[in-house]
Amino acid sequence: MARSKSKKVEEEEEYEVNEILDHKRKGKTMTYYVSWVGYDEEDNTWEPAANFHAPDKIEAYWDSLPESKQGDRPKGLGSGGGKRKRKEEEQEDEEDNDEEAAVKKVKKEKKSKKSVNGGAAKKKVKKAKEEQPEEEEEGEDEPIGFGEVDPDRELVEYDSVEIFSKESWEKEDVTIETVERDEDGSVRWNVVWEDGTASWIPGEILRTKCPQKIITFYEEHLKFRARKDEEEAQAGAEEEAEN
């Protein structure tokens, strides 16, 4: 019984592969010795792989061969040796599982450590904030500003002072004593003159006369907020000192 591809076409019949028994290579063509379902041993034929479709049978055939005969094994069927292949895959799976478990363990430890450290830092900051003295509430009707005004100092009209007409007061003996913001939002400055008298001057005028003196005044009176990491470090140092 010849079961070449041409005879299949002529008879329009299909044959089921029972088992692959042997193989041989002719150039680039792989040919298999095939036994057929429902036919005797004498009907076995040599068939090119393209003449039939039985990838599971071909795979089983190559897996049954020892490693020494795996040289002709088609690349698409793996490295050969069914038992050996399964064993290697099991080992690789075990290694992958071990590696995955190790990664999860490391992540869990990092997360736990981060939570503990984060909780300690928050606790220190909270304690530091609780220990800070409460600031006195300012009166709703009182002006907001820096510095204090000497109640005994004589107040004069600013436009009556001799140096008022000068373009700049930067080099004059003029001292800014305080600044206030009135209820209407306007800013006024209390300035002490060379003779010891003082005047309240609108902000728009003083900014044109001595802007550098204004900057210096702010720098001397502003309180700079500490960075978060500095607050945590200070809180930690205070807690250690208490212990």
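Does Ile215 count as of a type outside the set (Phe, Trp, Tyr) and touching a helix residue (DSSP H, G or I) at 6+ places or on another chain (Cβ under 6 Å)? Can you show your working first?
Working: of a type outside the set (Phe, Trp, Tyr): yes; touching a helix residue (DSSP H, G or I) at 6+ places or on another chain (Cβ under 6 Å): no.
Spelling it out, it is not the case that Ile215 is of a type outside the set (Phe, Trp, Tyr) and touching a helix residue (DSSP H, G or I) at 6+ places or on another chain (Cβ under 6 Å).
Output the residues belonging to the stretch 22-48 that are surrounded by 11 or more Cβ atoms within 10 Å (Cβ to Cβ) and either farther than 20 Å from Asp72 by Cβ or free of Cβ contacts under 8 Å to residues at least 24 places away in the same chain (or both). Reasoning before the result, please.
Step one: list which residues in the stretch 22-48 are surrounded by 11 or more Cβ atoms within 10 Å (Cβ to Cβ), which gives 22-24, 30-36, 39, 43-48.
Residues satisfying the conditions are Asp22, Lys24, Thr31, Tyr33, Ser35, Trp36, Tyr39, Asp43, Asn44, Trp46.
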field: Answer residue from the stretch 174-200, given it is over 15 Å from Val156 (Cβ atoms) and touching an Asp or Glu at 6+ places or on another chain (Cβ under 8 Å) and is surrounded by the fewest Cβ atoms within 10 Å (Cβ to Cβ) among those
entry: Glu183
- request: Provide a single number: the residues in the stretch 180-233 that are within 22 Å of Pro151 (Cβ to Cβ) and hydrophobic (A, V, I, L, M, F, W, C).
  value: 10
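With the condition being within 46 Å of the chain's Cα centre (by Cα) and either in the same structural domain as Glu148 (by TED's automatic domain parsing) or modelled with pLDDT under 80 (or both), I'd like the helices (runs of 4 or more DSSP H) fully within the stretch 158-243 carrying at least 2 qualifying residues.
Working: elements: 203-209, 211-221, 228-242.
Ranges flagged: 211-221, 228-242.
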query: Quick one: is Asp63 modelled with pLDDT of 85 or more, touching a helix residue (DSSP H, G or I) at 6+ places or on another chain (Cβ under 6 Å) and surrounded by 13 or more Cβ atoms within 10 Å (Cβ to Cβ)?
result: yes
task: Could you tell me whether any residue of the stretch 128-149 is closer than 30 Å to Glu240 by Cα and either at pLDDT 85 or above or crowded, with 16+ Cβ neighbours inside 10 Å (or both)?
output: yes
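The values are calculated or read from the model by the stated rules, or taken from the named source; none is laboratory data. For clarity, every value in this text was computed on a predicted model and none was experimentally measured. Heads up, the Cβs are rebuilt from the backbone with ideal geometry, glycines too, and the neighbour counts pull from every protein chain shown.
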